[in-house]
Amino acid sequence: MELYRFRSRRFPVVTRYLVDFLSSISGLVRVSLDLGLSYEFVKVGDGVVRIGDCELSLDELSLLRYDYVYVVRDCGVMPVSFFRGRFFYKLYPVSMYTAPTLEISGIKMHRVVGITPWEDAGSKVDVLGDLGGLRVLDICTGLGYTAIHALRRGGRVTSIEVDENVLEVATYNPWSWDLEKVELVLGDAFEVVRDFDDRSFDVIIHDPPRFSRAGELYSRDFYVELFRVLSRGGKMFHYTGRVGYMRRGLDLVRSVARRLSMVGFRVRLLRDLRGVLAYKP
C-alpha cells in the first residue's frame, strides 16, 4: 500500500469569468483569486491588472477560454490541463466563484447542472450523518471533495485514488488543498482494500467511475471486501450515477443494491441522490 503525500501548489487562480468582471471596472477591486474561498484587493487600470508583483494585460487575458481554470505563475497564466497517455485532464470552472470539477477526456466527474460540484459531493456525505471520531474510507478521491466534507464533519479519513494525474490536477485547485490533512493511498481500490484489516472503518463513501470504466468496483467480489472492512453497525453510501440509468435493460441502481444484499448488507435505494445506502448488521 503506497501512501501519497499531497502538496498543494498555491498559485493565484483566474478564469475567463473573472477576467470579464475585471475588464468592466477600474481602481482597487476586491476579488477572489482562489475561486471564492477568500478575497483580496487587486489594482485594475490602464489595461492591466496587478496581481502580487505581476502586471497582466487584460487584452491578453481576454483570450482565455471559459472552459479552463488558469493559474498565475511567473507573471503569466497557465491552464490547469495536460495530456497523459490516452487521456486529457483539466479543471473545468462552473462559475466565477465556486468549486470546479475535474474533466477527463470530456467527461465531467461531478454534476454541474442545478448543483455545484461542492454541493454534489456534500450531499453524498450528508446522508451518512455525524462522522465525529469515526474512521472513514473514501474510495476514488478525485478532487477530494467528499474526503474533505467527511474530514470537516469530524471523520478520520483515508482516501484511495488510482490515478496520480488526478491528484496532480487537484494540487492546483484551492478547493482541494485540505487533502493535505487526509491520509491518501495511491493504488487500485480493488487491490488496496484487500490490505485493510477486518472492521477497519465505520463509514465508507464509494464514488466509483462509471460502470463502463471500472466495472470491477461494482462487482460482488469487491463488495465482499467492503463488507469485511466495515465495522458492525457501519454504513456506506455507494454512488451509482444518474437516476434510472439503464444499461442493456439493466437498472444499475437496483443491480448494485441486489449485489450488496447478496454479500450481507441491508440496503436502501436513494434515487434522489443517485445511489444506495447500505448498512452492515
For the range 172-177, in order, what is each residue's ³J(HN,Hα) by Karplus, 6.51 cos²θ - 1.76 cosθ + 1.60 with θ = phi - 60°, in whole Hz (x at glycine and Pro)?
8, 9, x, 6, 9, 5
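Give the relative contact order (percent, whole number) for the range 13-79; include only Cα pairs under 8 Å separated by 6+ residues. List each step's numbers first, then the result.
On the way: 96 pairs, mean separation 22.6, N = 67.
About 34 percent, as a whole number.
With both bridge residues required to lie in the chain, what share of the DSSP beta bridges run antiparallel, to the nearest 5%?
Details: 43 of 61 bridges.
Of the beta bridges lying entirely in the chain, close to 70 percent run antiparallel.
How high is the relative contact order of the chain, in percent, with contacts defined as C-alpha pairs under 8 Å that are six or more residues apart? Let's see the in-between values first.
Numbers: 576 pairs, mean separation 40.8, N = 281.
Averaging sequence separation for qualifying contacts and normalising by length gives 15 percent for the chain.
May I ask for the net charge around LEU128, where only other residues with Cβ less than 9 Å from the Cβ of LEU128 are counted and Lys, Arg are +1 while Asp, Glu are -1?
Values: positive: LYS124, ARG153, LYS235; negative: ASP126, ASP130.
Net of charged neighbours comes to +1.
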So, in nm, how far is label SER200 from label LYS181 when the simple model puts each one 7 Å beyond its Cα toward the Cβ?
2.3 nm
Within the under-9-Å Cβ sphere about GLU180, not counting GLU180, Lys/Arg +1 and Asp/Glu -1 give a net charge of +2
Helix 220-229: inclination vs the chain longest Cα principal axis, degrees, rounded to 10, gives 90 degrees
Could you check the spin-label model distance between ARG271 and ARG50? Points 7 Å from the Cα along Cα→Cβ, value in nm.
5.9 nm
Hey, with R₀ at 35 Å, roughly what FRET efficiency would ARG220 and ASN165 work out to, going by the Cβ-Cβ distance, to 0.05?
0.75
To test your reading of the geometry: what angle, between 0 and 90 degrees and rounded to tens, separates the Cα axis of helix 252-262 from the longest principal axis of the chain?
40 degrees
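Working out 0.36 nm times the residue gap between ARG30 and VAL127, then minus their Cα-Cα distance, what length gain in nm do you get to one decimal? Please report the intermediate quantities before stating the final value.
On the way: separation 97, 0.36 × 97 = 34.92 nm, distance 3.62 nm.
Length difference between fully extended and current span is 31.3 nm.
Grab the beta carbon distance between SER95 and MET1, set R0 = 51 Å, and tell me the FRET efficiency rounded to 0.05. Present the calculation step by step, with values, prior to reporting the outcome.
Details: r = 38 Å, r/R0 = 0.74.
My answer for the efficiency is 0.85.
All of the numbers you see were taken from the coordinates with simple rules; none came from a lab. Source: prediction; values computed, not measured. Note that we place each Cβ from the backbone using ideal geometry, even for glycine, and neighbour counts take in every protein chain shown.
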